[in-house]
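Worksheet: one structure, shown below.
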Amino acid sequence: MNTLSMRPRAVELDDVQGLLRFGYKRHTEACFLLLKVEDADAARAFLSQVSVADAQFSDSPPVTVLQVALSSAGMTALGVPGQVVAGFAEEFVAGMATDEDRSRRLGDQGNSHPSHWEWGSGVGVPDVLLMLYAMPGHLDVWRAELEAQLDGGFSLLAVLDSTDSGGREPFGFRDGLSQPELDWERRRPVEDRDRLHYDNLSCLGEFLLGYPNEYGLYTDRPLLEPDRDPNGLLLRAEDWPERADLGRNGSYLVLRQLHQDIGGFWGWLLGRADGDRDLALRWAESMVGRSVDGKPLVHAEACGNDFTYDEDPQGQVCPIGAHIRRANPRNGDYPPGTRGLLTRLRRFLGFDAQARPLDLIASTRFHRLLRRGRSYGEPQSLDGMLAGEAPQTPAGLHFVCLAANIGRQFEFVQNAWINGTRFAGLPGEADPLLGDRQPGSDGTPSDCFSLPRPDGPAERLCALPRFVEVKGGAYFFLPGIRALRYLAGSSTR
Ligand code: HEM
């Protein structure tokens, strides 16, 4: 079917779960319940009627917001036929922790190996994820009411509490600042064309199934024969109007519990800096790529998100290996300076040696992530952390990201850019915050971090310890609300 000639259909915002559109920042209280299905009938009854917030804008947002996601194990436990489950993405069906090769690619090794996880591997794979968001003072009572309704249908595998850290992650940096802008109005033409410049607007299909993505194509998802949806509960597919689109308005949701060693992070930097707090802070900010207050190191005056690295190709202002530069290199399909056909050809053939490192990180627009994480643990003051204080209780990030393609988006970023020892041709490095510090498959070390200088060789920090460990994780599907009712309903059996 020619996707290019179709007129865009309006997005059914009343069918999209709100998390895709809103970060619920005013809902400062949040917790995630990881559930196992104990009684499929009772679980289905709960999921068929529970109130789920949608993506329609309202001047007075609800005081409490519930979002619901299912793992592939959860779909099976609810009785969804195997043939239907198999129509979802391979990564989702397999799960995050079932395959050694995937664990290696994600950097889940050593203490972060799934065999050490608190949940998410073996019998600890959750079936259902309930995400609870509440305005201040409204979480506890509501959560207790909700938990009472789960009785009989589900058991509680784990509760992931969060803290209101005022928009900062536990190392002390402002977080959740840079997000892709989703094309809710569908104004970007559906076409597969080179984009030479970085642009923050993403085709809806990068995050919502059932819509064209940045390639101008529809991502694979379960498209059901009409007899599988006799009551017409599901919306019909744009690209195949006879089929019921179980994916429409849904997204994959990646959840990882990332423990942060706050004492280890600041203690190591201070030790390396011989107690010089300003130097330790400068190194930490270079590792992130933003100041603790969230200003990008390049274009600090831009403050927010409107910047690229075009004017800092060597990473002398923001190191190329900084966390935000790895996680989103902010380039177009070709790196800066690739205008004319001849230049592009020279680069394509690898004749432009200077540009080669940049070529290795090209095409950011196919690897964007919509982040929705929440931090946990007692928030610490930056002064306290720089004075060597460490929290008494565990702290970290319940990392959440949404994407239409787990492999091309989350797994690629985690593997090639965050853990990649060849990212941008940097020698012996991986992400300075998140790297697993394991040598690459060819023995290349990965525990260094370079800060290039205009006036001499790069400053290099080596033998970085691991600051972040994985404590649990799973892949979920955050369905459209009709699809949720369908999956919970009898029409699938
Ligand atoms: C404990 C773990 C992590 C910490 C402490 C952390 C911290 C941060 C901070 C401070 C920022 C800058 C503020 C912002 O733009 O929101 C940031 C940005 C970002 N992080 Fe992380 N992060 C963590 C894990 C991850 C993981 C696992 C991924 C992806 C697999 C990731 C992807 C990103 C992306 C895509 C950005 C935005 C980059 C940009 O567009 O400029 N982060 N992170």
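The values are calculated or read from the model by the stated rules, or taken from the named source; none is laboratory data. Everything numeric in this text was worked out from a predicted model, so none of it was measured. Here Cβ is always computed from backbone atoms with ideal geometry, including for glycine, and neighbour counts include all displayed protein chains. We work out accessible area using only protein heavy atoms, side chains counted, and drop any ligands, DNA or RNA first. Shrake-Rupley method; radii C 1.70, N 1.55, O 1.52, S 1.80 Å.
Residue-level check: of (1) closer than 30 Å to residue 36 by Cα; (2) open to solvent by 50 Å² or more (accessible area, probe 1.4 Å); (3) over 19 Å from the mean Cα position of the chain (by Cα), residue 194 misses just (1). Restricting region 413-443 to residues that are within 9 Å of the ligand (Cβ to nearest atom) and touching a His at 6+ places or on another chain (Cβ under 9 Å), the residue that is most open to solvent (accessible area, probe 1.4 Å) is 434.
Once region 248-273 is narrowed to residues that are buried (at least 22 other Cβ atoms within 10 Å of the Cβ) and more than 15 Å from the ligand (Cβ to nearest atom), the residue that is farthest from residue 86 (Cα to Cα) is 249. Does any residue in region 454-476 that is in the same structural domain as residue 317 (by TED's automatic domain parsing) come within less than 6 Å, Cβ to Cβ, of a residue that is among the hydroxyl-bearing types (Ser, Thr, Tyr) and open to solvent by 10 Å² or more (accessible area, probe 1.4 Å) six or more places away or on a different chain, and which pairs are these? Listed pairs, sorted by first residue: 458/450; 460/450.
Scan region 368-412 for residues that are part of a loop (DSSP other than H, G, I, E, B) and within 9 Å of the ligand (Cβ to nearest atom) and the total you get is 3. For region 470-491, the candidate set comprises residues that are of a type in the set (Gly, Ala, Ser) and not in a strand (DSSP E or B); within that set, the residue that is farthest from the ligand (Cβ to nearest atom) is 490. All conditions in (1) outside any strand (DSSP E or B); (2) farther than 17 Å from residue 108 by Cα; (3) touching a Ser or Thr at 6+ places or on another chain (Cβ under 6 Å) hold for residue 421, with the sole exception of (2).
Looking at 48, 71, which one is under 26 Å from the mean Cα position of the chain (by Cα) and within 24 Å of residue 152 (Cα to Cα)?
After ruling out the rest, the residue left standing is 71.
For region 225-247, the set of residues classified as outside any loop (DSSP other than H, G, I, E, B), open to solvent by 10 Å² or more (accessible area, probe 1.4 Å) and not basic (Lys, Arg) consists of 226, 227, listed by residue number.
If you go through region 280-310 and pick out every residue that is open to solvent by less than 30 Å² (accessible area, probe 1.4 Å), within 11 Å of the ligand (Cβ to nearest atom) and not hydrophobic (A, V, I, L, M, F, W, C), you end up with 6.
Looking only at residues in region 154-165 that are within 25 Å of the chain's Cα centre (by Cα) and either acidic (Asp, Glu) or more than 16 Å from the ligand (Cβ to nearest atom) (or both), which one is least open to solvent (accessible area, probe 1.4 Å)?
In the first step, residues of region 154-165 are kept if they are within 25 Å of the chain's Cα centre (by Cα); the result is 156-165.
Adding the requirement that they be either acidic (Asp, Glu) or more than 16 Å from the ligand (Cβ to nearest atom) (or both) leaves 156-159, 161, 164.
Details: 156: 80, 157: 60, 158: 21, 159: 50, 161: 81, 164: 92 Å².
The extreme case among them is 158.
Tell me, please, whether a residue that is more than 13 Å from the ligand (Cβ to nearest atom), out of contact with any Lys or Arg (no Cβ under 6 Å at 6 or more places or on another chain) and aliphatic (A, V, I, L, M) can be found in region 172-180. Spell out how you get there, then give the answer.
If we filter region 172-180 for residues that are more than 13 Å from the ligand (Cβ to nearest atom), which is where we start, we get none.
There is no residue in region 172-180 that is more than 13 Å from the ligand (Cβ to nearest atom), out of contact with any Lys or Arg (no Cβ under 6 Å at 6 or more places or on another chain) and aliphatic (A, V, I, L, M).
The number of residues in region 313-339 being more than 11 Å from the ligand (Cβ to nearest atom) and at pLDDT 95 or above comes to 6. What about residue 467, is it among the aromatic types (Phe, Trp, Tyr), open to solvent by 10 Å² or more (accessible area, probe 1.4 Å), in contact with a Phe, Trp or Tyr (Cβ under 9 Å, 6 or more places away or on another chain) and within 11 Å of the ligand (Cβ to nearest atom)? Against the criterion (among the aromatic types (Phe, Trp, Tyr), open to solvent by 10 Å² or more (accessible area, probe 1.4 Å), in contact with a Phe, Trp or Tyr (Cβ under 9 Å, 6 or more places away or on another chain) and within 11 Å of the ligand (Cβ to nearest atom)), residue 467 does not qualify. In the set (1) open to solvent by less than 50 Å² (accessible area, probe 1.4 Å); (2) in contact with a Ser or Thr (Cβ under 8 Å, 6 or more places away or on another chain); (3) not in a helix (DSSP H, G or I), the condition left unmet by residue 130 is number (2).
Table: residues versus (1) touching a helix residue (DSSP H, G or I) at 6+ places or on another chain (Cβ under 8 Å); (2) among the aliphatic types (A, V, I, L, M); (3) assigned to a helix (DSSP H, G or I).
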{"residue": "102", "(1), (2), (3)": "yes, no, yes"}
{"residue": "140", "(1), (2), (3)": "no, no, yes"}
{"residue": "143", "(1), (2), (3)": "no, no, yes"}
{"residue": "146", "(1), (2), (3)": "no, yes, yes"}
{"residue": "149", "(1), (2), (3)": "yes, no, yes"}
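Of the residues 186, 221, the single one that is more than 15 Å from the ligand (Cβ to nearest atom), closer than 24 Å to residue 17 by Cβ and modelled with pLDDT under 95 is 186. With the requirement that a residue be among the small types (Gly, Ala, Ser) and under 21 Å from residue 90 (Cβ atoms), what does region 214-237 give you? If the condition is that a residue be among the small types (Gly, Ala, Ser) and under 21 Å from residue 90 (Cβ atoms), then 237 is the only one that fits.
Say whether the condition of being closer than 27 Å to residue 245 by Cα, of a type in the set (Asp, Glu) and open to solvent by 10 Å² or more (accessible area, probe 1.4 Å) is met by at least one residue in region 99-121.
Looking only at region 99-121, we keep the residues that are closer than 27 Å to residue 245 by Cα, and these are none.
No, because not a single residue in region 99-121 is closer than 27 Å to residue 245 by Cα, of a type in the set (Asp, Glu) and open to solvent by 10 Å² or more (accessible area, probe 1.4 Å).
A residue that is outside any loop (DSSP other than H, G, I, E, B) and under 28 Å from residue 129 (Cβ atoms) cannot be found anywhere in region 263-271.
Going through region 417-436 one residue at a time, which ones are of a type in the set (A, V, I, L, M) and at pLDDT below 95? If you could, list the steps in order and put the result at the bottom.
Initial filter on region 417-436 (of a type in the set (A, V, I, L, M)): 418, 424, 426, 430, 433-434.
424, 426 - these are the residues of region 417-436 that are of a type in the set (A, V, I, L, M) and at pLDDT below 95.
Screening residue 168 against (1) in contact (Cβ under 8 Å) with a residue 24 or more places away in the chain; (2) more than 16 Å from the ligand (Cβ to nearest atom) leaves a single unmet condition, (2).
Within region 386-409, residues that are more than 23 Å from residue 32 (Cα to Cα) have Cβ atoms under 7 Å from residues that are open to solvent by 50 Å² or more (accessible area, probe 1.4 Å) and within 14 Å of the ligand (Cβ to nearest atom) in these pairs: 389/380, counting only partners at least 6 apart in sequence or on another chain.
Residue 151 - would you say it is outside the structural domain of residue 304 (by TED's automatic domain parsing), more than 30 Å from residue 329 (Cα to Cα), open to solvent by 50 Å² or more (accessible area, probe 1.4 Å) and not polar (S, T, N, Q)? Full working, then the answer.
Details: outside the structural domain of residue 304 (by TED's automatic domain parsing): yes; more than 30 Å from residue 329 (Cα to Cα): yes; open to solvent by 50 Å² or more (accessible area, probe 1.4 Å): yes; not polar (S, T, N, Q): yes.
Taking the combined requirement at face value, the residue satisfies it.
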